[in-house]
1. For segment B:238-253, just list the computed ³J(HN,Hα) in residue order, Karplus coefficients 6.51, -1.76 and 1.60, θ = phi - 60°, integers in Hz, with x standing in for Gly and Pro.
2. In chain A, what percentage of the DSSP-assigned beta bridges are antiparallel, given to the nearest 5?
3. Go through A:304-317, A:20-33 and give me the packing order, highest mean Cβ count within 10 Å leading.
4. Give the distance, in whole Å, between the Cα centre of segment A:73-98 and the Cα centre of segment B:123-201.
5. To one decimal place, what orientation-averaged projected area in nm² is obtained for the convex hull of the Cα set of segment A:225-341?
6. May I ask you to list the lysines whose Cα is less than 21 Å away from that of B:K163, ignoring any residue fewer than eight positions away on the same chain?
7. Per DSSP helix of 4 or more residues, -39500 (n - 2.57); summed, then divided by the residues of chain B. What does that give at 222 nm, rounded to the nearest 500?
8. Kindly express, to the nearest 10 degrees and within the range 0 to 90, the angle between helix A:78-92's C-alpha long axis and the longest C-alpha principal axis of chain A.
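Bear in mind that the values in this text are calculations on the coordinates, not laboratory data. Since we're looking at a predicted model, the values are computed, not measured. Quick reminder, even Gly has a Cβ in these numbers, built from the backbone with ideal geometry, and neighbours come from all protein chains shown.
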Amino acid sequence: MNLKMDNIFVICEIEDGKVADVSLELLTKGRSLANQLNCKLEALALGHNIKGIEEQIFPYGADVVHVGDDKRLEPFTTMPFTSIIVELFKNEKPQIALLGATTMGRDLGPRVSSALQSGLTADCTALEIGDHEDKRAKKTYKNLLYQIRPAFGGNIVATIINPDCRPQMATVREGVMKKEMFSKTHKGQLKTVDVGSILKPEDTVVKVIERHIEKNRINIKNSSIIISGGYGMGSKENFSVLYELAEVLGGEVGASRAAVDAGFAEHDRQVGQTGVTVRPKLYIACGISGQIQHTAGMEESAMVIAINNDPGAPINKIADYVLTGEVMDIIPRLIKSYKKNTK
Amino acid sequence: MGLKIIVLAKQVPDTRNVGKDAMKADGTVNRAALPAIFNPEDLNALEQALRLKDKYSGTTVTLLTMGPGRAADVIREGLFRGADDGILLTDRAFAGSDTLATSYAISCAIRKISKFDLIIAGRQAIDGDTAQVGPQVAEKLGLPQVTYGEVVYSAEKGKISMKRRLEGGVETVECPMPAVVTINSSAAPCRPRNAKLVQKYKHAQTVTERQNQAEDYIDLTNDRPYLNIPEWSVNDIESDLQMLGLSGSPTKVKQIENVVFQAKESRHVQANDQEIEELVKELIANHTIG
């Protein structure tokens, strides 16, 4: 067996010389999958002027870091990255490749998977190793990657597998996996990607003329208290009581997808599978029914309070406290009571 | 000189308005209970195409959709809003397609259309949320792609200029045509139906639909060819059958689980002042708030 093959690759995302959190989270997950499968964890970092980037990656358990440094790789455009990854994967034949479900990963992943004719599962909420028996073909597959994700607006949870094609590719959103350093002193092998020999002129036809990044416009992820509103809030105006409560408690306002789609709140506030995953100390769900696509993004909150006029709302089943009634009536009373007791 | 634009659109179940009867007792999705709609971001894509049509005279907008026969609704909806024509790609051979097999079938249909400057699609469909078909179609056709688009500023002198909306920021990019572009929901909403166009196209149908109709309308297309919605089957496109449907799909669904919540010991708090006050005091006491 060629030892080079069958490893796990994490495509790292780099911004301003820093490896993105989502990539470190995937390295953490990749490390544990590699241990389970008894294979190596490899990482790929592409960019410009990123000398020494491997030092940020090795502590998360990478055995090999491939670095490609070239001015055509910054800022990110799809095609040069695709060409390099496709070339690398043809040689290295990884069994699993993971990318962040960021605008970069969700742009790049499908193009790579199409070029390699390998399957890609978007926005996974869990990755596990397991076997599969194809009864019709009478074939058993060992150690496949179970790519688990809610689908159909969150009404079902699907386990997706790629029995025959490699690599098994998956994207995962930031915050879904836990970031944990493997060892501060861990060192692996550094390999240089020969970017010049891979890239062709047609890879660089898309030009980024201007880039205007507004950092952390709204960042609910780091807030320890989140007050979220759902479609049941009824209107954008009614969200104002949530902002008021958030301000009083020192928290942030989140929203369900239905509320965002209805225009009640900005997309950056969306909690759930297609939004952000949060783990606050306190999560107050107001007028949220609690579809899995939402709860997937908040179920690890330390404490959940559900306020809903539907006593049968699914959210109540994962809530520590359930208040059944009108949000617009209960929130002002919470605010009043809080103010009174903290004077 | 005008542009030739293809808009990719999908008919999807409206997963945003899932009612109580959306799930059957056995835990499977009750598709019949969900209304079928024009995928929201594909409407944003259509609007960008129509704006280019307004800007560059002689531009035509062709809708391409893949799905069952009833997906012809998507074509009609597009015609009502200003598209010039549309094609329904429909065949049992496409059943069970994952995103890759879907992209392959669509790319084969686009090759058959052959002449185009721009392909515009919604970023993702609300039934799967994968955002994969746009980039995969681009790769299959060997075209550059620009995803997460918000505005197509211009499409002239062989290139497009457009704005992308990314995580907390924007990017202006230029890309040579032909190209594949995907559009976000943050883009301008689609214009409403135009009453004159509704009048003009309300009897637009596929051959299959006409065959199931009373004879009154059958001959309409003889003198009004624009009322015919072309229906392409696998025999109308050049494709490798192995790359279509289930056999062309590297990903398989191993298991589908209906969502069951782990019941947790929850405490019910009455929505009266006294109990709310007790709750607040408790939260302050255990340092959750305050």
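1. Once θ is set to phi - 60°, the couplings for segment B:238-253 become 8, 8, 8, 4, 5, 8, 9, x, 4, 5, x, 9, x, 8, 10, 8 Hz.
2. 25 percent
3. Packing order, densest peptide first, comes out as A:20-33, A:304-317.
4. First find each Cα centre; the distance between them is then 24 Å.
5. 6.1 nm²
6. A:K207, A:K215, B:K4, B:K53, B:K55
7. When only DSSP H runs of four or more count, the value is -8000 deg cm²/dmol.
8. 60 degrees
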